[in-house]
1. Calculate the dipole size of the chain relative to its Cα centre from +1 charges on Lys and Arg beta carbons and -1 charges on Asp and Glu beta carbons; express the result in debye to the nearest 20.
2. Residue-wise, which Karplus ³J(HN,Hα) couplings in Hz belong to region 24-36, taking 6.51 cos²θ - 1.76 cosθ + 1.60, θ = phi - 60°, and x for glycine or proline?
3. Roughly speaking, to the nearest percent, how much of the chain's 1.4 Å accessible area is carbon and sulfur?
4. Give, to the nearest whole percent, the P(r) tail of region 40-102 beyond 13 angstrom, counting all Cα pairs.
5. Largest first, what is the accessible-area ranking of Leu88, Leu106 with a 1.4 Å probe?
6. Per residue, how large is the accessible surface of the chain? Use a 1.4 angstrom probe and give square angstrom.
7. Using only C-alpha atoms and all pairs of different ones, pull out the Kirkwood radius for region 9-64 in Å with one decimal.
8. Taking DSSP loops as anything outside H, G, I, E and B, show the longest stretch in the chain free of GluC sites (Glu not before Pro) there with at most 10 other beta carbons within 10 Å.
Amino acid sequence: QVQLVESGGGLVQPGGSLRLSCAASGVSLDRYAIGWFRQAPGKEREGVSYVTSEEGSTHYADSVKGRFTISRDNAKNTVYLQMNALKLEDSAIYYCAADPHGLGGLTDRDEYTDWGQGTQVTVSS
């Protein structure tokens, strides 16, 4: 229904910054909540951040509060995740996902019906 493509990942030193992009095609994102998730090797996929559809409220996992910022650009049909002050434990494959109900969430992954392929973020000195 909606195709999502992540980009912007790469190798960065601790304390550095990256901006991830989630570009959508097929359907406008304005009625979707968009979430960012990440999965490190040997670990479960965890919710990082999400933005709701209508009011555009943003939410963050405790581990990234104050460091990550999620934002929408509806004109570009893109959602961003600005990641600052990156830590080693932030290394993971980052996925964006779309929730057609518009509410999002960090733990209810089944509510997200469409997922991107992921982009690798590696934080290393």
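1. Dipole size: approximately 440 debye.
2. Rounded to whole hertz, the list is 10, 9, x, 9, 5, 7, 5, 9, 10, 7, 10, x, 10.
3. 45 percent
4. More than 13 Å apart: 67 percent of the Cα pairs in region 40-102.
5. The most accessible residue leads, giving Leu88, Leu106.
6. 51 Å²
7. 13.4 Å is the Kirkwood radius here.
8. So the longest stretch without any such site is 56-125.
The values are calculated or read from the model by the stated rules, or taken from the named source; none is laboratory data. No experiment lies behind these values; they were computed from the predicted model shown. Counting neighbours? That spans all protein chains shown, and the Cβs are built from the backbone with ideal geometry, glycine included. Just so you know, the surface numbers come from the protein's heavy atoms only, side chains and all, with ligands and any DNA or RNA stripped out. Shrake-Rupley method; radii C 1.70, N 1.55, O 1.52, S 1.80 Å.
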